[in-house]
Every structure is written in structure tokens, then in C-alpha cells.
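Student: Below you'll find the structure I mean.
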């Protein structure tokens, strides 16, 4: 009986640790899209990248396909791809507008997406054409819950 109680305590402790890990990888002031991209808004400018959750599932990123500066992007549509040792995954734009900058560092250091998904591993900057689309995105709390539910299905 005592060993069963200990095992259940250990399991609940492990669950709490894993649960906490999920939350530490979501940044408060960003907006999140359900295909695991994040947006940092500054006026009409939006910086876009993939989330810590996404890079974690992808594994080591070996190549990032970037769009051209000036290319149009559409809310919910693919604008590039991330290739990892496990898979290739489209990157979807959480906002519509025009690409004003791409992270050229990713050409020589695609691993920045893994090492620093919210800072040095950003992918594009967009001049937004419809700021109302931001209302369709999740805040950090909703996104954390979304990831938890998605992981529970797998």
C-alpha cells in the first residue's frame, strides 16, 4: 500500500513539472495562431515566428524557407517552411500584409529557431493591412491551454 501511494505522489509530481514546463515556453505579450506561430505587434508592424512548442515538436531545424521582401502574406496562408530532421512544416501567417523584412540570419543559422524561437529566431516582419485579424488570435493563456489539449490527443 505504501509503495502505491509513493508511486502516485511521484506521478503527480512529474505531471506538475511537465505542466509547468509547457507554461514557461509561452511569452505573455504575444498573440498566437493555432498552427503554432506567434506575432509581436508594434503599431502596424508584426514580427512573426514559430513557437517554442512548435520547434520542440519539429526537432532540430536544418533549413528555413523564407519569402521575398515585398511578398504579400495572407492570414492563415503559408508563406514559407521549416525543415527539421523529422519533418518539413509550413509556416502560416497569422496576419495579412506585406513582408518588410526577413531574418537573413536563418539562412546560415537555422538552429536559431530552436535556440531562441521568440527572439533571435524570428522569421519575418510584416506591415499589417488588417489589424482586426489580431482579434482572431489567442493570448498566451489560451495558447497554453490549446497546446495542452493538443498534446493530450497524441
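Student: Kindly state, to the nearest 0.05, the FRET efficiency for residue 109 paired with residue 74, given R0 = 30 Å and r defined as their beta-carbon distance.
Tutor: Working: r = 28 Å, r/R0 = 0.93.
FRET efficiency, residue 109 to residue 74: 0.60.
Student: Sticking with this one: Could you tell me which of rounded, prolate or oblate describes the stretch 64-145, using a ≥ b ≥ c as the square roots of the eigenvalues of the alpha-carbon gyration tensor, with rounded for a/c under 1.5 and, failing that, prolate when a/b is larger than b/c and oblate otherwise?
Tutor: Numbers: a/c = 1.78, a/b = 1.22, b/c = 1.46.
Oblate, because a/c is 1.5 or more while a/b does not exceed b/c.
Student: Please compute the length gained on full extension between residue 65 and residue 119, using 0.36 nm multiplied by the number of residues separating them and subtracting their Cα-Cα distance.
Tutor: Numbers: separation 54, 0.36 × 54 = 19.44 nm, distance 1.82 nm.
Computed gain between residue 65 and residue 119 is 17.6 nm.
Student: Let me ask something additional. Fully extended, how many nm does the chain gain between residue 130 and residue 34 (0.36 nm per residue separation, minus their Cα-Cα distance)? Please list the in-between numbers first.
Tutor: Values: separation 96, 0.36 × 96 = 34.56 nm, distance 1.84 nm.
Additional length available on full extension: 32.7 nm.
None of the figures in this text is laboratory data; all of them are computed from the coordinates on show. In this text, all values refer to a predicted model and were calculated from it rather than measured experimentally. Neighbour counts are summed over all protein chains in view; Cβ atoms, including those assigned to glycine, are modelled from backbone coordinates with ideal geometry.
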